């Protein structure tokens with residue numbers, strides 16, 4: 001097996017221990033000649049007869065004629081020509097002669113000649129070394145980790161060098177220094193087979209990993225490769241997700257992100273709110289969702305089954321629940337970062353997916369074996385069967401549900417390139433439109449009442465970056481992002497009693513939010529005990545709000561402001577088992593002339609290789625937020641606003657996390673506790689008695705613990721996640737005591753299994769929640785638990801050059817009544833009508849790729 005110019009082909013006798021019983025003697029008879037041959041191979045005479053022949057050809061002839069094994073990068077040595085006619089007493093002397101006067105060197109490792117470029121060297125002197133006039137050499141290692149088939153960069157890959165651990169950046173780049181010219185690396189990435197290889201300092205190296213889930217015709221997976229399994233516990237409050245697994249989970253493949261995230265610890269599933277994710281008790285708008293660095297102000301369409309980003313474009317998903325580093329996110333809650341595919345620069349690709357709600361397609365067009373253009377389109381269509389209506393509970397009049405109609409479409413366009421010097425860049429664009437209409441009509445005494453709502457959301461975003469690998473000087477990155485969301489909502493509420501005057505209320509609201517940013521970041525190579533990262537960023541936000549209600553004075557306002565951020569962090573190794581990462585973020589608001597400091601620190605302790613203890617603390621600020629407004633009937637409308645001006649305070653939060661994890665091959669377990677205090681929450685209420693609206697500010701606290709167990713048995717995966725938590729809030733203006741927040745839930749249990757019977761795959765998952773406070777209104781004052789069982793069957797097969805996946809899934813197999821949080825329609829009579837959670841919903845999908 002050849003990998004990027006760093007290869008070890010044989011370990012014939014190292015580490016072998018024999019016990020000579022009858023069977024052991026047979027093993028000895030087989031292996032002893034191999035040991036003898038390997039030793040005599042290096043002692044035999046060899047001859048060279050060459051006239052300007054490539055070195056690679058001569059080494060191949062050595063292997064065929066003398067059994068001499070070698071490892072090299074073909075592109076590195078093919079340009080080196082050899083002219084010689086001589087016989088040498090050993091292969092090593094011959095190799096020395098051929099490399100004389102070149103920029104190549106070699107090392108003999110386990111009877112294998114490993115050829116490499118002579119490493120670039122520098123000198124580093126410490127105060128203690130200066131006193132003894134001793135100079136240490138530093139050897140530079142840099143390059144990129146990519147998909148071995150598509151060439152896609154693998155962001156945030158894990159690299160272990162001895163007892164030290166490193167991580168690649170968002171573009172798969174790595175850069176570090178050591179005091180030895182060769183290092184053994186263990187490179188892993190979720191959903192890919194682990195690679196254990198020897199890396200030699202010098203030129204930039206591309207490391208290619210083999211995906212565990214691949215096209216049927218592409219490669220035969222070797223049985224001795226290891227699958228990277230663990231994805232929780234590598235850093236404080238971090239979850240790394242293999243997006244490929246989402247294809248095997250129940251759902252219609254239009255919102256694979258939600259299907260995957262709802263099964264993770266600490267991410268609320270009981271609310272069935274894919275339009276916004278509540279991470280460790282976070283409020284609406286407190287979680288930053290981004291795609292290719294573009295902030296997204298909505299996570300999904302009104303349908304839970306359609307995500308805001310086309311799954312055909314997603315490569316990597318990273319979730320930071322709390323306590324994250326200073327250069328990640330401008331929110332007081334969690335961060336969900338999606339990295340898009342960089343495209344295949346060598347091969348044309350196309351995919352199409354049809355399911356019960358959407359049709360989508362993507363195409364990848366390569367250019368000059370360096371660049372790739374990707375285009376993806378998606379369109380929803382009329383849902384033929386209304387499962388809510390078909391399986392509604394008619395016997396219970398206390399549980400009123402409504403079903404909206406929706407229309408969604410989106411487009412993604414991305415151009416990316418990889419330069420000869422190892423640099424890479426991309427420009428990514430997305431646009432979407434989501435329309436939803438709902439009508440609720442309920443009888444009242446001698447008449448009826450109704451609510452009609454029409455909401456139209458339009459989103460647009462564009463972003464890009466350029467990454468420069470300076471080798472010895474580290475990695476630099478510059479980029480930009482623009483994102484905007486415009487929401488128009490029309491609300492009509494009527495009360496039409498017989499023999500009485502018609503009561504009519506109408507409200508038209510429009511909200512717009514925009515963000516433009518540019519940034520520059522530099523990461524120095526990790527040298528010994530330190531790894532420094534620093535960056536600067538400029539951001540400008542614009543928020544507008546228009547409200548025109550039939551019983552109130554029209555309101556219109558627009559605010560904009562710029563801010564500047566600087567951040568720095570250092571990854572410090574203390575010995576071989578302890579590390580800390582202090583960091584600082586400084587934000588300056590130009591529109592208020594105020595500055596905010598956000599210190600943060602994280603650390604870990606690895607008492608043993610399989611055990612890890614993580615902890616973090618930090619201060620976090622948020623300068624835009626979604627504020628809840630209530631109409632006369634307490635129906636809420638959420639609008640994005642700029643913080644720090646007028647009566648909108650800057651959100652500030654303090655995070656504490658502490659976690660313990662254990663990982664072995666095929667098994668991992670973790671426990672992680674958290675405590676978050678957030679100040680500056682704002683909500684607008686309506687008091688019917690006084691017929692007026694008022695603003696209220698609140699303080700919230702969320703605390704709890706996550707448990708997670710994952711086990712792989714043969715080819716099958718199983719995991720269990722459990723969260724015990726509380727979310728409480730306090731309004732100082734009313735009463736100085738805490739009470740439960742609307743999205744508080746004490747218990748949430750999630751179990752999942754994926755069975756691999758290739759070419760068939762079966763999966764099932766079950767989620768139980770002890771119930772949200774909103775469920776009390778239709779539960780007779782008691783909290784109604786949430787429970788949902790989903791199952792799916794997938795069949796993967798090939799047909800000539802096509803990869804085909806056909807699947808069926810059933811959501812909510814038991815047809816349990818669940819309520820989607822915050823989607824409530826309040827009518828003039830005081831009656832509340834709820835958006836029902838996903839009912840019994842069968843679905844089919846077919847996905848075809850070339």
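Any read-out appearing in this document is the output of simple, stated calculations on the displayed coordinates, not a laboratory observation. All values derive from a computational prediction rather than experimental measurement. Note that each Cβ is placed from the backbone with ideal geometry, even for glycine, and that neighbours are counted across all protein chains shown.
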**Prompt:** Roughly how many nanometres apart are two label points built 7 Å out from the Cα toward the Cβ at residue 664 and residue 93?
**Reply:** 5.2
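Over all pairs of distinct alpha carbons, what does the Kirkwood formula give as the hydrodynamic radius of the stretch 293-383, in Å? Walk me through the numbers on the way to the answer.
On the way: mean 1/r = 0.0651 Å⁻¹.
For the stretch 293-383, the Kirkwood estimate is 15.4 Å.
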**Alpha carbon centroid spacing (whole Å) that separates the stretch 241-295 from the stretch 338-356** = 21
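Can you classify the stretch 549-673 as rounded, prolate or oblate using the Cα gyration tensor, where a ≥ b ≥ c are the square roots of its eigenvalues, rounded means a/c under 1.5, and otherwise it's prolate if a/b beats b/c and oblate if not? Before the final figure, lay out each step's value.
Details: a/c = 4.68, a/b = 1.95, b/c = 2.40.
Note, shape of the stretch 549-673 comes out oblate.
Taking the mean number of other Cβ atoms within 10 Å as a proxy for protection, how do you rank 564-571, 265-272, 745-752 from highest to lowest?
Details: 564-571: 18.5, 265-272: 25.1, 745-752: 20.2.
Result, highest mean first: 265-272, 745-752, 564-571.
Is the stretch 609-670 rounded, prolate or oblate when judged by the Cα gyration tensor, a ≥ b ≥ c being the square roots of its eigenvalues, rounded requiring a/c under 1.5 and prolate requiring a/b larger than b/c?
Values: a/c = 4.87, a/b = 2.37, b/c = 2.06.
Here the stretch 609-670 falls in the prolate category.
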**Fill in**
Checked the stretch 236-371 with the C-alpha gyration tensor, a ≥ b ≥ c its square-rooted eigenvalues, rounded below a/c of 1.5, otherwise prolate if a/b is larger than b/c and oblate if not; verdict oblate
